[in-house]
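Only one structure is covered here, and it is reproduced in the block below.
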Amino acid sequence: MDKHLMVDIETLGTHADASILSIGACTFSMAEGDGILDTFEVNLKHDCRAIDGDTVRWWLKQSKEAQEKLFDPTPVTMTKARGDFQKFVIDSKAQYIWANGAMFDINILRNLYNDHPPWRYGQEMCMRSIRVLGGAIGVDYGEWWRNASGVQHGALDDAIRQAKYVIAVFEQAQNGFEELYHGR
């Protein structure tokens, strides 16, 4: 079975050492039902990592639901969150680790693990390339995002939404290749 892991984080900054508020992740398969296999969600207590004023102001403009998601489930220490997420990643046995912008989510998580994350560099996949492909084959990311369920900027909801988008793009691409191959 192909197994992938999508991760999304919410932070108080944009640099590698940004304070992480929440980590959401899901495992998914391109071959099974709606594709979502398992989920992970953790909120972190303030961890003395970097905070950016512009990001704090951005959070103040987000929905009340998004802000409330940062406190439910109850935040835990960075050490506990890091250990729990590491266990989820290792237990998932995912072949690929996806993020919507590998230089953001994955970069910050790499920093959290002191450049020794629970995955290999070659497993990292960037969803931005999929967004370009999706647009080219008729699966518009902006429209997908507006019509998807869940709380925008809730880490787990975003991870699930992003995983479902990757699945949809792969399905559309596969259907297009089959039509070309079979001469339809």
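The values are calculated or read from the model by the stated rules, or taken from the named source; none is laboratory data. Keep in mind that this is a model prediction, so the values were computed, not measured. In this analysis, Cβ positions are derived from the backbone assuming ideal geometry, glycine residues included, and neighbour counts consider all displayed protein chains.
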Item to check | Residue, modelled with the lowest pLDDT, within the range 91-123, restricted to residues that are crowded, with 20+ Cβ neighbours inside 10 Å and not hydrophobic (A, V, I, L, M, F, W, C) | outcome: 100
Next on the checklist: Against the condition assigned to a helix (DSSP H, G or I) and of a type in the set (Asp, Glu), how does residue 158 come out, does it pass?
Outcome noted: yes
Item to check | Top-ranked residue in the range 3-32 [being touching a Lys or Arg at 6+ places or on another chain (Cβ under 9 Å) and part of a loop (DSSP other than H, G, I, E, B); ranked as surrounded by the fewest Cβ atoms within 10 Å (Cβ to Cβ)] | outcome: 17
Next on the checklist: Looking at (1) under 26 Å from residue 59 (Cα atoms); (2) of a type in the set (Ser, Thr, Tyr); (3) more than 14 Å from the chain's Cα centre (by Cα), which one does residue 165 not meet, given that it meets all the others?
Outcome noted: (3)
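When the range 128-146 is examined, which residues are found to be assigned to a helix (DSSP H, G or I), closer than 20 Å to residue 175 by Cβ and not charged (D, E, K, R)?
Those that are assigned to a helix (DSSP H, G or I), closer than 20 Å to residue 175 by Cβ and not charged (D, E, K, R): 129, 130, 132, 133, 134, 135, 136, 141, 144.
The rows are residues; the columns are (1) within 15 Å of the chain's Cα centre (by Cα); (2) in contact (Cβ under 8 Å) with a residue 40 or more places away in the chain.
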position	(1), (2)
46	no, no
69	no, yes
77	no, no
83	no, no
98	yes, yes
102	yes, no
106	yes, yes
